[in-house]
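Supplied in structure tokens, the structure appears directly below.
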Amino acid sequence: MHKSALIDWEKIRADFPILDQQVRDQPLIYFDNAATTQKPRAVIETLRNYYEHDNANVHRGLHELSSRATEAYERSRQRVAEFIGAESEEEIVFTRGTTESINLVAQAWGGKFLRPGNVVLLTEMEHHSNLVPWQLIAEKTGAELRFVPVRDDGTLALEKLSSLLTKEVKMFAFTHISNSLGTINPVTELCARARAIGALTLVDLAQSIGHIPVNVRELGCDLAAFSGHKMAGPTGIGVLYGRREILEAIPPWQGGGEMITSVTLQKTTFKRSPHRFEAGTPDIAGAIGLAAAIDYLERIGRADIFQHDSRLTSYAMERLTEIPSLRLLGPPAPRGALVGFVMAAAHPHDLTTFADQRGLALRGGHHCNQPLMRRFGLPGTTRASFYFYNTLEEIDRMVEILRDAVHFFA
Ligand code: 7TS
């Protein structure tokens, strides 16, 4: 028996006050964790404590509260560095989230290094936030975009990689886990293949960071992005990780306070990374809350979280195949903690509304994956996404609701 089976998950669930409520006179079932996860009391109390006792701006004031805020903010940077296995906290840039991290790289790195004829390689399963920023910079620089296709089973067509990963490719940016299919991509292999031809790699960790052990040095990536709110942390805070020499080569992105060493009316010199990329007052409370989320997740352990998530996901896939007329997307386990499906008779929006009326929070639509949906010939899917506080009983209840939906929409 795996150790995760010995963990008292019910007790852990009680750390999340929001889950204990009725929605439309039914106990809330929250299965929209791929969009955002809920926050444990430890994180909520850290935010409250910071605002009640220590709030001040960072790096500016020579007074007690400002030193406390600065120390806590910088300690959070160290905590993130340890958490992802970075070499130093100088490799950690705080951003607003995955989207902002990727835009930073596309605009600032891409703006400096991309030339006509260069290629940015992406995959067909990218979230719009790892697609649209590259389209914008490709248009400005004359670079081209290429895509690794997705097979019918939801995995990447790796047999095509040799012909796509040519010497024109300067950046290979791809997701660790697909937010619609649940596919876990072979990041270490993909990074090694890119490195072999001299391309940089950017890995979108949005769907993996809170769910499975992630070590950027073991993955071998140059850059990585994630959001605090998908890993039990606050909204509004995220991270761009970059190997030191890569970040040092990237010019400033946004200008303003905090990121300069000296300014005249005509010219400015800039701080080194990561501060060069953090113009203006950052989300101080968010960074501190993110460190609290990391402490919380590490007390449980992501290997155990993955085991528990996997048990929920496999059970959900097994139970959902019992429902006639429901088609599941994506590969078999091991996979991310989510299941996307389509019901022939019901549009995903209608099915999601039907579920909501019974206290069940699903997500229906294209999930910011329009090209991927088009690839599968679908307007969208309905998605149930899990986290460690969810239960098998909640999945049973979902199956019951979906069975009712089959009759309702027939
Ligand atoms: N990358 C992936 C793989 C994602 O799943 C998401 C958000 C993002 C990037 C963007 O993260 P953000 O924090 O910057 O917004 N995914 C989803 C989702 O699947 N449903 O809502 C948001």
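The values are calculated or read from the model by the stated rules, or taken from the named source; none is laboratory data. Note that the structure is predicted; figures quoted are calculated from it, not measured. Note that we place each Cβ from the backbone using ideal geometry, even for glycine, and neighbour counts take in every protein chain shown. For accessibility, only protein heavy atoms count, side chains too; no ligands or nucleic acids. Shrake-Rupley method; radii C 1.70, N 1.55, O 1.52, S 1.80 Å.
Which residue is farthest from the ligand (Cβ to nearest atom), if the candidates are limited to segment 61-77 and must be open to solvent by 40 Å² or more (accessible area, probe 1.4 Å) and in contact (Cβ under 8 Å) with a residue 12 or more places away in the chain?
Ranking the qualifying residues of segment 61-77, first place goes to Arg68.
If you don't mind, there's one more thing I want to ask. Being within 13 Å of the ligand (Cβ to nearest atom), among the β-branched types (Val, Ile, Thr) and touching a helix residue (DSSP H, G or I) at 6+ places or on another chain (Cβ under 7 Å) is the filter here; which residues of segment 93-137 pass it?
Thr95, Thr98, Thr99, Ile102
Among what's in segment 241-253 and is part of a loop (DSSP other than H, G, I, E, B) and of a type outside the set (A, V, I, L, M, F, W, C), pick the residue that is nearest to the chain's Cα centre (by Cα).
Arg243
Okay, next question. Might you let me know whether segment 307-325 holds any residue that is assigned to a strand (DSSP E or B), crowded, with 21+ Cβ neighbours inside 10 Å, not aromatic (Phe, Trp, Tyr) and not assigned by TED's automatic domain parsing to the domain that holds Arg146?
Looking for residues that are assigned to a strand (DSSP E or B), crowded, with 21+ Cβ neighbours inside 10 Å, not aromatic (Phe, Trp, Tyr) and not assigned by TED's automatic domain parsing to the domain that holds Arg146, one finds none in segment 307-325, hence no.
Test of understanding: among Gly256, Gly286, which residue is more than 30 Å from Thr381 (Cα to Cα) and not in a loop (DSSP other than H, G, I, E, B)?
Gly286
Considering each of Val105, Val58, Val93 in turn, give the residue that is open to solvent by less than 40 Å² (accessible area, probe 1.4 Å), assigned to a strand (DSSP E or B), within 26 Å of Thr261 (Cβ to Cβ) and in the same structural domain as Val239 (by TED's automatic domain parsing).
Within the list Val105, Val58, Val93, the selection yields Val93.
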